[in-house]
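Read-outs throughout are calculated quantities, based only on the coordinates presented, and are distinct from any laboratory measurement. Just so it is clear, the structure is predicted and the values come from calculations on it, not from any experiment. A quick note on method: Cβ atoms are made from the backbone with ideal geometry, for glycine too, and the neighbour counts reach across all protein chains shown.
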Amino acid sequence: CIEHPMKIFHNPLHAQHAGRQEMFRGRMVPCHEVPARLDFVLAALQSRPLGPLLATAIPDAELHAAMARVHRAPYLDFLARAWDAWVAMDQANAERDALPSVWPLPSRHGFRTDVVPRNFAAQLGLYAFDAGTPLMAGTWAAARAGAGCALAAAQDVLGGARSAFALSRPPGHHAGPDYFGGYCFLNNAAIAAQALRDGGHPRVAVLDVDYHHGNGTQTIFYARPDVLTVSIHGDPATEYPFFLGHADERGAEAGAGCNLNLPLPRGTGFATWRAALDQALNAVARFGATALVVPMGLDTFAGDPISGFQLHSADYLAVGQALAGAGLPTVFTFEGGYAVAEVGTNAVNLLEGFAQAV
Ligand code: OKP
Ligand code: ZN
């Protein structure tokens, strides 16, 4: 039985984002980040309810303001007009998802990123960091509604709830201040963390348990002393997103010491992973966080088709239980997990482990 019901803010528009193919090693392959993922979580919640399932009703202006706290205005404008601009390039594009194929490599070669090119294909490359994140007609609507779920979950926790779950896709933790990639467009976890700060929490921690490093979240808060970002993930030396997530990235300027990366080798099993979680939770406690955001990826599962850790379904109960041990008001967002048929069980195991332990 569940002592403290957890409100679940779900995104009724999520299926409007349904990419067909992503570029992988020189060919187009079917997308892993599919609408069915969320349907399996809803199905698992139906047999094991954790709390009421709610749609959100956040006014547009309020939602936009919350997104603009972590994303740059030109990027949000780009996302809002992207689909129309893509189709305007060539009417035949209406039949294809938008993907970039040219990039400015901003930190190298002296390429200019301060001038937004008029060519929309170039704009895609300016704002995306991979060719695996298709954008389509419904992407903006789905991603915005998802950000609304994260904001609503943060507001629920600000109102005194022990925890809340933003059940939405597309995921968010790879999206940075002004870029998309890794199936992510808006950083739901960062939006929730910032909303918790703005709602009065002096110190917020983000503990990312997805298989992949939360590069977007890390970057958004990298120079911030008021938000601790911690991520347990596959070592970027071999694992996506490759270019961030190393152990020596500790934060910058006023945020020095406020980022902790715990990379683990491909093949890592639960005992080692669980020890890293203890390290992460110790850092959260030392930081003195008053609220917690957990970007909840279930792609640490042994059966995940694109990841390399070896967690089993029952392990997620223990993960949830350990997270509850932090004793903090907690917002969960839904990130990765591509063993589609098992992602519902694994997600609800984690949340149930949390809810039963609080
Ligand atoms: C998003 B999230 C597999 C290539 C991997 C990107 C992975 C994005 C993961 N064919 N491409 O962190 O779960
Ligand atoms: Zn992932």
Among 299-305, 45-51, the order from most to least packed when residues are scored by Cβ within 10 Å on average: 299-305, 45-51
Fewest-first ranking of Leu38, Leu351, Leu262, using other Cβ atoms within 10 Å as the exposure measure: Leu262, Leu38, Leu351
Neighbour-limited loop hits for trypsin sites (Lys or Arg not before Pro), the stretch 263-300 (at most 16 other Cβ within 10 Å; DSSP other than H, G, I, E, B): Arg266
Neighbour-count ranking [beta-carbon atoms within 10 angstrom, fewest first] of Cys258, Cys31, Cys184: Cys31, Cys258, Cys184
Loop trypsin sites (Lys or Arg not before Pro), the stretch 1-77, which have at most 10 other Cβ atoms in a 10 Å radius of their Cβ (DSSP): Arg25
Cβ-defined net charge surrounding Val87, 15 Å radius [Lys, Arg +1; Asp, Glu -1]: -2
Cβ-Cβ FRET estimate between Ala92 and Thr113, R0 fixed at 45 Å, reported to 0.05: 0.95
Order of Val284, Val70, Val34, Val206 - criterion: other Cβ atoms within 10 Å of each residue's Cβ, fewest first: Val34, Val284, Val70, Val206
log10 of Debye I(q)/I(0), alpha-carbon scatterers only, for the stretch 46-149 at 0.17, 0.21 Å⁻¹: -0.89, -1.16
Overall dimensions of the chain by Cα: Rg and Dmax, Å: 18.9, 59
Pair-distance profile P(r), taking every C-alpha pair of the stretch 276-358, with 10 angstrom steps and integer %: 19, 51, 27, 4
Choice from Ala175, Ala150, Ala223 showing the highest fluctuation, given a GNM over the chain with Cα pairs closer than 10 Å: Ala223
Gaussian network model of the chain, springs between alpha carbon atoms under 10 Å - residue of Asp248, Asp156, Asp226 with greatest fluctuation: Asp248
Of Gly19, Gly148, Gly110, the one that fluctuates the most in a GNM where the chain has Cα springs shorter than 10 Å: Gly110
On Cα atoms only, tilt of 73-89 relative to the major axis of the chain in degrees: 50 degrees
Those trypsin sites (Lys or Arg not before Pro) in the stretch 116-165 that DSSP places in a loop and that have at most 11 other beta carbons within 10 Å: Arg118
Distant-in-sequence amide H partners of Ala291 (H built 1.01 Å from N, under 5 Å): Arg203, Ala205
